[in-house]
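Heads up: the structure comes next, in structure tokens.
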Amino acid sequence: MQDSVQIEAKKLNFIYGEGTAFEQYAIKDVSFSIKKGEFVGIIGHTGSGKSTLIQHLNGLIKATSGELYFNGENIYAAKYDMKLLRQKVGLVFQYPEHQLFEVDVLSDVEFGPRNQKLPEEVVKERAKESLALVGLDESYYKKSPFELSGGQKRRVAIAGVLAMNPEVLILDEPTAGLDPKGRDELFDEIIELKKSRDMTVILVSHSMEDVAKYVDRLLVMNAGELVLDGTPKDVFKKYKYLESIGLSAPGITYIVERLKKESIDLGDDITTIEEARDAILKYIKRKDKNA
Ligand SMILES: Nc1ncnc2c1ncn2[C@@H]1O[C@H](COP(=O)(O)OP(=O)(O)OP(=O)(O)O)[C@@H](O)[C@H]1O
Ligand SMILES: [Mg+2]
């Protein structure tokens, strides 16, 4: 289901410490909409406003001005249920240790559904199911979240959000500090979850390779402004512009460009290793045929 608009932002502005000497304009006139079931990536140089922007989406930060709609409802309307919004839009923070606080892993994941006042059996079931989804078995239940590795902490934080059964899952740099294997595993789990629960996923990432591989659409932030909004292919074609704002295209895009200069033309919309492999194989076949 990819037709109905689920999140709509209209001219959002946000200023940290408004009216103080430390005033910081973090979000400037940002407008976009996200459809249900979309997988959207957000990229941007450090300090460009990505984390600030996503914290608007579950109501954690209130825009200084602008409007924000969730499932057609204005979340800044007087009677809007912010608590419910926070359950429907699950946010996994950039530093997951900031969201773990219970004595053990299971209690931590149970916290959300318990707060939703669900029956105790359901709370337990949801927590166990969510931990299984992120690949943590029973042996982790009684561990302190603080004795886990960075990757395991992140998994617990994701499970805690999933246990609330959100419609939207927002992940802020979920793979930072993970090794390539951990990163692939986490993404495989996210893709699986997205499919099985028909969730909308918003991914903030510094990895151009990851966003090229996984997302349907990219929002590009620069100095608080939304400067590009399109498919990864369209966005990465503008790699010279991306470079001017401190970003880049996936590494493979540069290799393909370099080959083109050597008269090996593989096409101009390759952004993943897999696509490059297929294009090279095709190219070789064509050459062989013509030889
Ligand atoms: N709590 C805060 N108080 C004041 N200014 C802040 C605060 N948090 C962020 N900022 C400022 O707001 C701007 C946007 O920061 P934000 O953390 O949203 O960027 P980001 O794109 O997530 O960066 P990163 O890639 O490093 O995570 C930056 O200039 C930052 O210094
Ligand atoms: Mg951030």
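Is one or more of the residues making up region 193-205 within 11 Å of the chain's Cα centre (by Cα), surrounded by fewer than 17 Cβ atoms within 10 Å (Cβ to Cβ) and either within 16 Å of ligand 1 (Cβ to nearest atom) or part of a helix (DSSP H, G or I) (or both)? Full working, then the answer.
As a first pass, look at region 193-205 and keep what is within 11 Å of the chain's Cα centre (by Cα): 200-205.
Going one step further and asking which of them are surrounded by fewer than 17 Cβ atoms within 10 Å (Cβ to Cβ), we end up with none.
For region 193-205, residues within 11 Å of the chain's Cα centre (by Cα), surrounded by fewer than 17 Cβ atoms within 10 Å (Cβ to Cβ) and either within 16 Å of ligand 1 (Cβ to nearest atom) or part of a helix (DSSP H, G or I) (or both): absent.
Examine region 198-206 for a residue that is of a type outside the set (Ser, Thr, Tyr) and free of Cβ contacts under 8 Å to residues at least 40 places away in the same chain, and state whether such a residue exists. Break it down stepwise before answering.
Residues of region 198-206 that are of a type outside the set (Ser, Thr, Tyr), as a first pass: 198-199, 201-204, 206.
Add one more test, that the residue is free of Cβ contacts under 8 Å to residues at least 40 places away in the same chain, and what stays is none.
No.
What are the pairs, 6+ residues apart or on separate chains, where a residue within region 122-149 that is charged (D, E, K, R) has its Cβ under 6 Å from a residue that is part of a helix (DSSP H, G or I)?
Once the first residue is charged (D, E, K, R) and sits in region 122-149, its partners that are part of a helix (DSSP H, G or I) give Arg126/Pro113; Lys143/Val105.
Go through (1) modelled with pLDDT of 90 or more; (2) charged (D, E, K, R); (3) buried (at least 17 other Cβ atoms within 10 Å of the Cβ) and name the single condition Arg258 misses.
Unmet for Arg258, out of (1) modelled with pLDDT of 90 or more; (2) charged (D, E, K, R); (3) buried (at least 17 other Cβ atoms within 10 Å of the Cβ): (3).
Residues that are under 25 Å from Ile191 (Cα atoms): which helices (runs of 4 or more DSSP H) entirely in region 215-276 hold 2 or more of them?
On the way: elements: 232-237, 239-244, 251-261.
Of the helices (runs of 4 or more DSSP H) lying wholly inside region 215-276, those with at least 2 residues that are under 25 Å from Ile191 (Cα atoms) span 232-237, 251-261.
Sort out which residues of region 225-246 are touching a strand residue (DSSP E or B) at 6+ places or on another chain (Cβ under 7 Å) and surrounded by 22 or more Cβ atoms within 10 Å (Cβ to Cβ), and write them in order of number.
Selection gives Leu226, Pro232, Val235.
Of the conditions (1) under 21 Å from Val5 (Cα atoms); (2) within 16 Å of ligand 2 (Cβ to nearest atom), Phe70 satisfies every one except a single condition; which number is it?
All conditions are met except number (2).
Which condition does Lys124 not pass, out of (1) open to solvent by less than 50 Å² (accessible area, probe 1.4 Å); (2) modelled with pLDDT of 95 or more; (3) more than 16 Å from ligand 1 (Cβ to nearest atom); (4) not in a strand (DSSP E or B), if it passes all the others?
With (1) open to solvent by less than 50 Å² (accessible area, probe 1.4 Å); (2) modelled with pLDDT of 95 or more; (3) more than 16 Å from ligand 1 (Cβ to nearest atom); (4) not in a strand (DSSP E or B) applied to Lys124, the lone miss is (1).
Name the residue that is most open to solvent (accessible area, probe 1.4 Å), counting only residues in region 53-109 that are part of a strand (DSSP E or B) and of a type in the set (Phe, Trp, Tyr). Spell out the reasoning first.
Let us first name the residues in region 53-109 that are part of a strand (DSSP E or B), namely 65-70, 73-74, 89-92.
Narrowing the set further to residues that are of a type in the set (Phe, Trp, Tyr) leaves 69-70.
Numbers: Tyr69: 50, Phe70: 10 Å².
Here the answer is Tyr69.
Answer yes or no as to whether Glu102 is over 21 Å from Ser205 (Cα atoms), at pLDDT below 90 and away from ligand 1 (no atom under 16 Å from the Cβ). Lay out the reasoning, then the answer.
Details: over 21 Å from Ser205 (Cα atoms): yes; at pLDDT below 90: yes; away from ligand 1 (no atom under 16 Å from the Cβ): yes.
In short, yes.
Yes or no: Ile7 more than 8 Å from ligand 1 (Cβ to nearest atom), in the same structural domain as Leu226 (by TED's automatic domain parsing) and either of a type in the set (Ser, Thr, Tyr) or under 15 Å from the mean Cα position of the chain (by Cα) (or both)? Quick ask: steps written out before the conclusion?
On the way: more than 8 Å from ligand 1 (Cβ to nearest atom): yes; in the same structural domain as Leu226 (by TED's automatic domain parsing): no; either of a type in the set (Ser, Thr, Tyr) or under 15 Å from the mean Cα position of the chain (by Cα) (or both): yes.
So Ile7 fails the test.
Pairs needed: first member in region 49-62, within 17 Å of Asp81 (Cβ to Cβ) and among the basic types (Lys, Arg); second member anywhere, open to solvent by 10 Å² or more (accessible area, probe 1.4 Å) and within 9 Å of ligand 1 (Cβ to nearest atom); C-beta distance under 7 Å; at least 6 residues apart or different chains.
If the second residue must be open to solvent by 10 Å² or more (accessible area, probe 1.4 Å) and within 9 Å of ligand 1 (Cβ to nearest atom), no pairs are left.
So if I check each of Gly37, Gly41, which one is in a strand (DSSP E or B), open to solvent by less than 70 Å² (accessible area, probe 1.4 Å) and either within 16 Å of ligand 2 (Cβ to nearest atom) or closer than 25 Å to Ser207 by Cβ (or both)?
Details: Gly37 fails: in a strand (DSSP E or B).
Step by step, each of Gly37, Gly41 is checked, and only Gly41 is in a strand (DSSP E or B), open to solvent by less than 70 Å² (accessible area, probe 1.4 Å) and either within 16 Å of ligand 2 (Cβ to nearest atom) or closer than 25 Å to Ser207 by Cβ (or both).
Restricting attention to region 52-64, does a residue exist that is among the polar types (S, T, N, Q) and within 20 Å of Asp229 (Cβ to Cβ)? Can you show your working first?
Going through region 52-64, the residues among the polar types (S, T, N, Q) turn out to be 52, 55, 58, 64.
Pick out the ones that are also within 20 Å of Asp229 (Cβ to Cβ) and you get 52, 55.
There is at least one residue in region 52-64 that is among the polar types (S, T, N, Q) and within 20 Å of Asp229 (Cβ to Cβ).
In contact (Cβ under 8 Å) with a residue 40 or more places away in the chain, within 16 Å of ligand 2 (Cβ to nearest atom), open to solvent by less than 40 Å² (accessible area, probe 1.4 Å) and farther than 22 Å from Val156 by Cβ: is that true of Val211 in this structure?
Yes.
The values are calculated or read from the model by the stated rules, or taken from the named source; none is laboratory data. Everything numeric here is computed off the predicted structure, so don't read it as measured data. Here Cβ is always computed from backbone atoms with ideal geometry, including for glycine, and neighbour counts include all displayed protein chains. Keep in mind that these areas ignore ligands, DNA and RNA; they rest on the heavy atoms of the full protein, side chains included. Shrake-Rupley method; radii C 1.70, N 1.55, O 1.52, S 1.80 Å.
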